[in-house]
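Structure, as structure tokens:
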Amino acid sequence: MQGYQAGISKFTTTDTVVFAISTDDLETNKRFAQELKLEFALLSDTSGAAAKSYGIHNAERNMAARSTFVVDKTGKITHVEEGSGAIDIAGAASACSRLK
């Protein structure tokens, strides 16, 4: 998330909304967002519903696999980064710049 915060300007110029979703509870996410001085929303998915619907929920650990999704204005997923690639903003920033 620090990489996304550091590169937030790459998204604000592309009519893009950035947010993160975590399976941590609201208070944990609030503290984390404050510590990192995040300028984008950090949402709580304590039930794992969002993670399950995107196919990235790890039931054994009750957490989501690190992933980045770029979703266009029609709701279509146009780009996915998983694992360590999800930390690097380059792929998502490039995909957002191609959205119309």
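No value in this document is a laboratory result; all are computed from the given coordinates. Computed from a predicted structure; not experimentally measured. Cβ sites come from the backbone with ideal geometry, for glycine too, and all protein chains shown count toward neighbours.
Points worth noting:
- Using a simple spin-label model with pseudo-atoms 7 Å out from Cα toward Cβ, Thr46 and Ser94 lie 3.9 nm apart.
- The modelled label-to-label distance between Gln5 and Ala20, using points 7 Å beyond Cα along the C-beta direction, is 0.7 nm.
- The coefficient of translational diffusion for the chain, derived via Stokes-Einstein from the alpha carbon Kirkwood radius under 4 °C and 1.567 mPa s, stands at 92 µm²/s.
- Sum of -39500 (n - 2.57) over DSSP H runs of 4+, divided by residues of the chain (222 nm, nearest 500): -8500 deg cm²/dmol
- Taking amide H atoms as placed 1.01 Å from N in the peptide plane, the amide H of Val71 lies under 5 Å from those of Thr78, each 5 or more residues away in sequence or on another chain.
- Listed by chain and number, the lysines placed with their C-alpha closer than 28 angstrom to that of Lys76 are Lys10, Lys52, Lys100; residues fewer than eight positions away on the same chain are left out.
- Computed over region 2-98: relative contact order in percent, which uses C-alpha pairs under 8 Å that are six or more apart: 26 percent
- Estimated FRET transfer efficiency (Glu27, Asn62; beta-carbon r; R0 30 Å; 0.05): 0.95
- The chain: most fluctuating residue of Lys52, Lys30, Lys76 per GNM, C-alpha cutoff 10 Å: Lys76
- Residue with peak Gaussian network fluctuation, the chain [Cα springs, cutoff 10 Å], from Ile56, Ile77, Ile21: Ile77
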